[in-house]
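To keep things clear, I will list the structure first and then write my remarks on it.
The values are calculated or read from the model by the stated rules, or taken from the named source; none is laboratory data. Keep in mind that what you see is a predicted model, and the values were worked out from it rather than measured. No Cβ is skipped: glycine too gets one built from the backbone with ideal geometry, and neighbour counts run over all protein chains shown. Note: accessible area is taken over every heavy atom of the protein model, side chains too, but ligands, DNA and RNA are not part of it. Shrake-Rupley method; radii C 1.70, N 1.55, O 1.52, S 1.80 Å.
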Amino acid sequence: MFQTLYSYFWWERLWLPANVTWADLEDQDGRVYAKASDLYITLPLAFLFLVVRHLFETYVATPLAGLLNVKEKIRLKATPNAVLEKFYAATTKHPKQADVEMLSKKSGCTVRQVERWFRRRRNQDRPSLLKKFREASWRFTFYLIAFIAGMAVIVDKPWFYDLREVWKGYPVQSMVPSQYWYYTIELSFYWSLLFSIASDVKRKDFKEQIIHHVATIILISFSWFANYIRAGTLIMALHDSSDYLLESAKMFNYAGWRNTCNNIFIVFAAVFIVTRLVILPFWIMHCTIVYPLELYPAFFGYYFFNVMMVVLLLLHIFWAYLIIRMAQKFITGKARGGLGTARGSQPRREAQLRGKGAVVEDERSDREETDNSEEEEEAAKNGPLSNGHPVLNNNHRKTD
């Protein structure tokens, strides 16, 4: 049965155009072609990436955070309470007013104490500033190196300047070692991101990040199996071109370098929109959708590859919407005051990106919740507060 499934999976009509067989892609006369077995090594390499990442975050990112004066905000811990903890873990982290009143009776706390307990408990679960900085540092380092390496791999190739060259002679196109290593390293890295996503900082686009990583892994793998290597290298380099800018903006944001963070964010936003919403659909996808049909009839692999490209494009549109909202707040001066918590992300893209007198807030991130009791205590000690911070005599707010 396994052999039957294997033969169906590798049926030539799924992967290759008509009148082309796997025998046509056998190594000969010094010409080497992509094989599925070449990518087996990416799984152990993904775990190696996780080890390297741990060492990097411990011995490089952490000392760097100290040099940049990345400071943790002191968080008050919630007082141990079995009743409230059980409700928090089993039911919800955001109780409704009726739940708060019920918990107040069960726990013997006042309603206000219950609300304060949940605020503090939620803040305890939020990732620390150091964790965010370390993650951003690791991704910045990889994306920058990957972008430089990717450009070195493709800049001297004719298809970098003429997209019709991508399909010249397809699918009988041999590969060079640099293409193999570029694919191997990129695929291994995205496997490592997928393996670590559960323990990384979670943001509101958590599901979109999973979809992105899975779609990227499928695209890279399929493009290798179907010998779409030329198109694949262009797509990978295009995506790496803006990611390192975002991660560097996050790093400077966590370090409190407001102007540097905002300037990099503006550059990132421009590069992201140009590469992901202009070059990708109007150049790269035009190349993968239109040009192949001039050479051979459409087959399953053609449709599958381009459907996955559309999935990526839709994710880019979603993230571009968040980026534009952030940029609009910065430009119009409607951003919030104070420094919040950080994708992404994936543009995972953190915390509040701050400008002169304004903060551009990452739409994917949860905000740190202010504990009202802390403000009252500070007011008693230091005088009135403005937006949760003591107002100093020089009319400048105290920074976190």
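Residues Val60, Val70, Val51: which one is outside any helix (DSSP H, G or I) and more than 22 Å from Ala231 (Cα to Cα)?
Values: Val60 fails: outside any helix (DSSP H, G or I); Val51 fails: outside any helix (DSSP H, G or I).
None of the other options fit; the residue is Val70.
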Which residue, of Leu277, Leu293, is modelled with pLDDT of 95 or more and open to solvent by 20 Å² or more (accessible area, probe 1.4 Å)?
-> Leu277
Taking region 57-110, which residues are of a type in the set (Val, Ile, Thr), touching a Leu at 6+ places or on another chain (Cβ under 9 Å) and open to solvent by 50 Å² or more (accessible area, probe 1.4 Å)?
-> Val83
Residues of region 1-50 satisfying the condition of being more than 30 Å from Phe189 (Cβ to Cβ), of a type in the set (A, V, I, L, M, F, W, C) and open to solvent by 50 Å² or more (accessible area, probe 1.4 Å) = Met1, Phe2, Trp11, Ala18, Ala23
Those residues of region 247-265 that are out of contact with any strand residue (DSSP E or B) (no Cβ under 6 Å at 6 or more places or on another chain) and buried (at least 18 other Cβ atoms within 10 Å of the Cβ) come to a total of 9
Hey, Arg134 surrounded by 18 or more Cβ atoms within 10 Å (Cβ to Cβ), among the charged types (D, E, K, R) and outside the structural domain of Ser199 (by the TED database) or not = no
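On the given criteria, is Asp156 out of contact with any strand residue (DSSP E or B) (no Cβ under 9 Å at 6 or more places or on another chain), of a type in the set (Asp, Glu) and modelled with pLDDT under 90? Steps first, answer last, please.
Numbers: out of contact with any strand residue (DSSP E or B) (no Cβ under 9 Å at 6 or more places or on another chain): yes; of a type in the set (Asp, Glu): yes; modelled with pLDDT under 90: no.
Considered against the rule, which asks whether it is out of contact with any strand residue (DSSP E or B) (no Cβ under 9 Å at 6 or more places or on another chain), of a type in the set (Asp, Glu) and modelled with pLDDT under 90, Asp156 comes out as no.
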Only one of (1) open to solvent by 40 Å² or more (accessible area, probe 1.4 Å); (2) assigned by the TED database to the domain that holds Val172 is not met by Arg53, so which one is it?
-> (1)
For Ile217, indicate whether it is assigned to a helix (DSSP H, G or I) and either under 17 Å from Phe47 (Cα atoms) or touching a His at 6+ places or on another chain (Cβ under 6 Å) (or both).
-> yes
